[in-house]
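The values are calculated or read from the model by the stated rules, or taken from the named source; none is laboratory data. Predicted model only: the values in this text are computed from it and were never measured. Neighbour counts are summed over all protein chains in view; Cβ atoms, including those assigned to glycine, are modelled from backbone coordinates with ideal geometry. To get the accessible areas, we keep the full protein, side chains included, count just its heavy atoms, and leave off ligands, DNA and RNA. Shrake-Rupley method; radii C 1.70, N 1.55, O 1.52, S 1.80 Å.
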Amino acid sequence: MDGKRGSKRRRPLVDCATDKFEDAVPVRPFRWSWGGRHFPGWYWAATTGQHVGFESWLERDRLVLMDFDPAVAGMASQPFWLHWYDGERERRHAPDFFVRRVDGSAVVVDVRADDWIAPRDAEAFDVTRSACGEAGGGSSG
């Protein structure tokens, strides 16, 4: 990401540490389907004055909490793809949210109920946590 809405470039995350991910558009579309198990939608965030996407009730609830948190200055959904090689093949993961705090620090958030975290997802969350730590930010999920 190079700070322009909608632009795409593949770079190491550490090289993107100063990019404004809180202004990023989602890297993939949100899908709606009748009778689906997911609950996607758009939440109007007072913090940003913009809609922020979500894909489940749990993500929506996390957005509401972040919007009411006075320490949060900005947020974006699915702000980037994180690519890695797992020893067998190329993998990628789009974290659920990027959050900018009022002190300028950042955190990447993955939202999943503990009993719904499959081993493959747990690996993606661990890789995200490690990459964000190396880039100087935090990750939760």
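Name the residues in region 17-72 that are among the aliphatic types (A, V, I, L, M), outside any helix (DSSP H, G or I) and farther than 16 Å from Arg100 by Cβ, would you? Steps first, please.
Within region 17-72, the subset among the aliphatic types (A, V, I, L, M) is 17, 24-25, 27, 45-46, 52, 58, 63-66, 71-72.
Now restrict to residues that are outside any helix (DSSP H, G or I): 17, 24-25, 27, 45-46, 52, 71-72.
The one that is among the aliphatic types (A, V, I, L, M), outside any helix (DSSP H, G or I) and farther than 16 Å from Arg100 by Cβ: Val27.
Listed residues Phe97, Phe125, Phe68, Phe54; which is farther than 19 Å from Asp23 by Cβ and either of a type in the set (S, T, N, Q) or open to solvent by less than 50 Å² (accessible area, probe 1.4 Å) (or both)?
Every option except Phe125 fails the conditions.
Can you name the condition, by its number, that Ala76 falls short on among (1) surrounded by fewer than 17 Cβ atoms within 10 Å (Cβ to Cβ); (2) within 19 Å of Asp19 (Cβ to Cβ)?
Failed condition: (1).
All but one of (1) surrounded by 17 or more Cβ atoms within 10 Å (Cβ to Cβ); (2) within 21 Å of Thr48 (Cα to Cα); (3) at pLDDT 90 or above hold for Ser139; state the number of the condition that does not hold.
For Ser139, the failing item is (3).
Hey, Asp115 hits all of (1) open to solvent by less than 90 Å² (accessible area, probe 1.4 Å); (2) without any contact (Cβ under 8 Å) to a residue 40 or more places away in the chain; (3) part of a helix (DSSP H, G or I) but one; which does it fall short on?
Here Asp115 meets the rest and fails (1).
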